[in-house]
Amino acid sequence: MYGMTTVAVPSHAFAQAPKLRLLPKKGKSAKRDVAPDRQPLRLLTGPAPAEKPILLAGGDTGARAAVQRDLARTMPQSTTFEQAGAVWEVLVRAPEASMVILGGELEDIPAESVMQMLAHRHPGLAVVCLDAADPGEIGRSRQIRTA
């Protein structure tokens, strides 16, 4: 079997190369010259990109459905929802979601722990944890924590 050998050769060529600098425009060249027959660039409107779904996660199917009903009343009709009842589903689907709403523990893992996992793996993802005082009060009384 042949081994690969890597050799690093120090080079000072980059230190001696000319440097480019950005200088502010002055005088006549500072004015924007646009040919009269040339149209300026403009933003084209096209079909809106598909919106990312809101991921509802929790071990209790009824609680997830209640949260979805509550959110569907207040959010635009175009809002889509997905549900996940297992930790692995949340971890797989989270990157494609606009936000994750946790409504209880998943597979005996507290929602707080799942929220911290998601915040660590996807720092830019909005994660909301809903803790209901009583499962029967899921639509009325909630403590909300965000990551």
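No lab work stands behind these numbers, since they all come straight from the coordinates. Keep in mind that what you see is a predicted model, and the values were worked out from it rather than measured. Heads up, the Cβs are rebuilt from the backbone with ideal geometry, glycines too, and the neighbour counts pull from every protein chain shown.
Within region 48-58, how many residues turn out to be closer than 19 Å to Arg93 by Cβ and exposed (fewer than 13 other Cβ atoms within 10 Å of the Cβ)? Total satisfying the criteria: 3.
Any idea which of Thr61, Thr80 is within 19 Å of Val114 (Cβ to Cβ) and either touching a residue at least 12 places away in the same chain (Cβ under 8 Å) or surrounded by fewer than 16 Cβ atoms within 10 Å (Cβ to Cβ) (or both)? It is Thr61. Checking each residue in region 73-119 for being over 14 Å from Gly58 (Cα atoms) and among the basic types (Lys, Arg) picks out only Arg73. Of all residues being charged (D, E, K, R) and assigned to a helix (DSSP H, G or I) in region 70-89, which is farthest from Leu55 (Cα to Cα)? Just the residue, please. Looking at residues that are charged (D, E, K, R) and assigned to a helix (DSSP H, G or I), I get Arg73.
Selection over region 90-121 of residues that are in a helix (DSSP H, G or I) and charged (D, E, K, R) gives a count of 4.
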